[in-house]
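The structure appears below as structure tokens.
The values are calculated or read from the model by the stated rules, or taken from the named source; none is laboratory data. In this text the structure is predicted, and so the values were computed from the model without any measurement. With ideal geometry, Cβ positions are generated from the backbone for all residues, glycine too; neighbour counts draw on all protein chains shown.
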Amino acid sequence: MEKENETKSKKDQKKDRRVRIRQYGNFRGYYKKRNAGTPENDSRLEFLRKEWFEDKECLDIGSNDGTLIISIAKMFRCESILAIDIDPELVERANKKLRKAAESEMQIGESFKNLNDVVTFKQENFVESQHPELYHTVTW
């Protein structure tokens, strides 16, 4: 009986975790399914225009793990991008990817600016937050 209650408790915990993960529609494995894990294969990039981002202040809402935003910052040389997501785990992953991308660019001398100075990932609920700043470009 005790073992049955313990197992049930673990199942309930797992279910609660799944519900919490998807509470806002966030999808942690998005880019692995969409692009086979490589940002260069993201077909959305071909529809974006340089003039929307180059030397612009940008805001991204729902940045997931940051894969697309880092690609945009590198390709289009944004002045800055504030990228927000409600999921703290996704923001943590995005910051790890950003550090790795910035280190990689510094090693090969590719960057026009340090990516760490251009891209900021922040965990917040956009619906409940206030952004009095003005942005040239907003993506979501």
In the list LYS74, LYS122, LYS113, which residue meets the criterion of being surrounded by 13 or more Cβ atoms within 10 Å (Cβ to Cβ) and more than 17 Å from the chain's Cα centre (by Cα)?
LYS113
Does any residue in segment 40-60 that is over 18 Å from LEU82 (Cα atoms) come within less than 8 Å, Cβ to Cβ, of a residue that is acidic (Asp, Glu) and in a strand (DSSP E or B) six or more places away or on a different chain, and which pairs are these?
none
Read through the list (1) in contact (Cβ under 8 Å) with a residue 40 or more places away in the chain; (2) touching a Phe, Trp or Tyr at 6+ places or on another chain (Cβ under 6 Å); (3) of a type in the set (S, T, N, Q), then give the number of the only condition that SER80 fails.
(2)
Of all the residues that make up segment 82-105, how many are out of contact with any Lys or Arg (no Cβ under 6 Å at 6 or more places or on another chain) and either among the hydrophobic types (A, V, I, L, M, F, W, C) or on the phi > 0 side of the Ramachandran plot (or both)?
9
Just checking, does segment 65-72 include any residue being charged (D, E, K, R) and either assigned to a helix (DSSP H, G or I) or modelled with pLDDT of 95 or more (or both)?
no
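Looking at segment 73-84, which of the residues that are part of a helix (DSSP H, G or I) and hydrophobic (A, V, I, L, M, F, W, C) is farthest from GLU46 (Cα to Cα)? Can you show your working first?
Step one: filter segment 73-84 for residues part of a helix (DSSP H, G or I), giving 73-76.
From what is left, the residues that are hydrophobic (A, V, I, L, M, F, W, C) are 73, 75-76.
On the way: ALA73: 14, MET75: 11, PHE76: 12 Å.
For segment 73-84, the residue satisfying everything is ALA73.
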Could you please let me know if ALA102 is in a strand (DSSP E or B) and either surrounded by 15 or more Cβ atoms within 10 Å (Cβ to Cβ) or free of Cβ contacts under 8 Å to residues at least 40 places away in the same chain (or both)?
no
